[in-house]
Amino acid sequence: MSQNVNIIIVMRILEKTNVSKKAKIIIIIFFAMASTLFCGSDEEKINLTEEISKKATKMYAPPMVKTLFAKVKEAGYKDSVQFCSEYALEHTAQSIAQIEENMKKEYKISSIKIGRTSLKLRNPQNMATEKQKEILKEWEIAQKNKQELKPVYFKEGDFYFGMAPIVINSPVCLGCHGGGEARDKEAYEKIKSIYSDDKAVDYNLNDIRGAIVVKIAY
Ligand code: HEC
């Protein structure tokens with residue numbers, strides 16, 4: 001669409017110039033080819049972002065949740081506070097840094113960062129960009145309307161992003177992210193001592209907690 005608009009603009013400009021007919025045709029063909037090339041590669045990168053994000057998310061989320069659940073079962077909520085972070089992956093076969101390094105090599109990309117974000121943050125370092133906030137809000141509306149929550153892949157500035165929804169899918173999450181009785185009192189005292197500005201509470205089962213964010217530079 002925008003590609004056609006660009007060519008039309010070029011044609012309009014050329015109409016007003018004294019360039020020969022032959023030169024005009026060459027210029028138009030050049031612009032058409034160049035814009036197709038650029039649009040094509042952008043689309044390819046979005047497709048590749050989808051592939052990489054899906055793979056990274058699969059390597060990242062399930063082992064982390066598994067380690068967290070095992071830790072809560074073994075040691076209780078208070079002593080598991082660190083396990084809802086990258087720290088949990090240090091206790092599995094692959095740390096987050098190793099996953100990132102492997103993906104970087106496999107896909108020959110300049111950088112990849114796997115992280116999380118939310119509209120109600122516990123760790124302020126996980127802050128969402130404006131675009132990410134918009135997507136999180138759209139998912140909340142979709143969730144209210146009982147629509148399917150779909151991951152999204154997009155470009156923002158120099159980076160490509162993959163975002164997948166994180167839903168409170170277990171009562172275990174509520175021990176540290178719930179409200180009232182559901183939240184573990186001792187664990188929350190510890191959480192507050194580390195994250196003084198914590199907003200990540202009062203969630204219910206099936207609420208959208210946030211998103212996994214895969215940030216890629218090609
Ligand atoms: C034992 C306590 C505990 C449990 C149980 C727990 N979390 Fe967390 N959660 C935390 C802590 C602490 C952080 C901050 C981690 C960090 O510094 O990145 C956090 C951060 C997060 C974040 C990152 C966004 C933010 O607010 O900084 C998401 C998303 C999240 N938790 C989802 C979940 C989900 C989903 C579950 C259930 C599968 C869960 N958590 C269970 C303690 C917990």
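Just so it is clear, none of the values below were taken in a lab; they were calculated from the coordinates. What you see is a predicted model, and the numbers here were worked out from it, not measured in a lab. So basically every Cβ, Gly included, is an ideal-geometry build from the backbone, and we count neighbours across all protein chains shown.
Among 99, 46, 194, which one shows the highest mean-square fluctuation when the chain is modelled as a Gaussian network with alpha-carbon springs under 10 Å?
So, out of 99, 46, 194, the one fluctuating most is 194.
Calculate the FRET efficiency for residue 154 and residue 86 from the Cβ-Cβ distance with a Förster distance of 30 Å, rounded to the nearest 0.05.
So the FRET efficiency works out to roughly 0.80.
Alpha carbon centre of the range 43-87 versus the range 136-161: separation in Å?
Here the two parts' Cα centres lie 19 Å apart.
Under a point spin-label approximation (7 Å from Cα along Cα-to-Cβ), what is the residue 74-residue 131 distance to one decimal in nm?
In this crude label model, residue 74 to residue 131 measures out at 4.0 nm.
Where does the charge balance sit around residue 158 when Lys and Arg score +1, Asp and Glu -1, over other residues with C-beta under 14 Å from its C-beta?
Taking every other residue near residue 158 into account, the sum is +3.
Would you order 110, 80 from fewest to most other beta-carbon atoms within 10 Å of each residue's own beta-carbon?
110, 80
Within a 10 angstrom radius of the beta carbon, how do 103, 163, 127 rank from fewest other beta carbons to most? Intermediate results must be reported in sequence, preceding the final value.
On the way: 103 19, 163 25, 127 11.
Lowest count first: 127, 103, 163.
Based on a Kirkwood Rh over C-alpha pairs, give the Stokes-Einstein translational diffusion coefficient of the chain at 20 °C and viscosity 1.002 mPa s in µm²/s. Before the final figure, lay out each step's value.
Working: Rh = 20.1 Å.
The Stokes-Einstein estimate is 106 µm²/s.
Springs between alpha-carbon pairs under 10 angstrom, Gaussian network model over the chain: which of 21, 146, 104 fluctuates most?
Fluctuation is largest for 21.
What net charge is computed for the residues neighbouring residue 146, neighbours being all others with C-beta under 15 Å from the C-beta of residue 146, Lys and Arg scored +1, Asp and Glu -1? Could you put the intermediate results ahead of the total?
Working: positive: 144, 150; negative: 138, 140, 148, 207.
Its environment carries a net charge of -2.
Within 10 Å of each residue's Cβ, count the other Cβ atoms and sort 154, 161 from fewest upward. Spell out each step's value before the answer.
Values: 154 14, 161 22.
Fewest to most other Cβ atoms nearby, the residues stand as 154, 161.
Once both axes come from the Cα atoms, what is the angle between helix 96-107 and the longest principal axis of the chain, in degrees from 0 to 90, rounded to 10?
20 degrees
Treat each spin label as a single point 7 Å out from the Cα along the C-beta direction, and report the residue 15 to residue 113 distance in nm.
The two pseudo-label positions are separated by 4.7 nm.
Within the range 121-218, report the GluC sites (Glu not before Pro) that DSSP leaves as loop and that have at most 14 other Cβ atoms within 10 Å.
Taking the range 121-218 and a limit of 14 other Cβ atoms within 10 Å, the loop GluC sites (Glu not before Pro) found are 148.
Under the rule of at least 5 residues apart or a separate chain, name every residue whose amide H is placed under 5 Å from the amide H of residue 116.
Result for residue 116 returns 213.
Given labels modelled 7 Å from the Cα in the Cβ direction, how far is it in nm from residue 26 to residue 206?
Taking the two extended label points, one gets 6.6 nm.
For residue 166, enumerate residues with amide H under 5 Å from its amide H, sequence gap 5+ or separate chain, H modeled in the peptide plane.
Counting only residues 5 or more places away or on other chains, the set is 209, 210, 211, 212.
Only helical DSSP H runs with n ≥ 4 go in: add -39500 (n - 2.57) per run for the chain, normalise by residue count and round the 222 nm mean residue ellipticity to 500 deg cm²/dmol. Don't skip to the end; give the middle numbers.
Working: 7 runs with 117 residues, N = 218.
Result for the chain, helices only: -18000 deg cm²/dmol.
Given springs between every Cα pair under 10 Å in a Gaussian network model of the chain, which of 23, 75, 97 has the largest fluctuation?
In this elastic network of the chain, the residue with the biggest mean-square fluctuation among 23, 75, 97 is 23.
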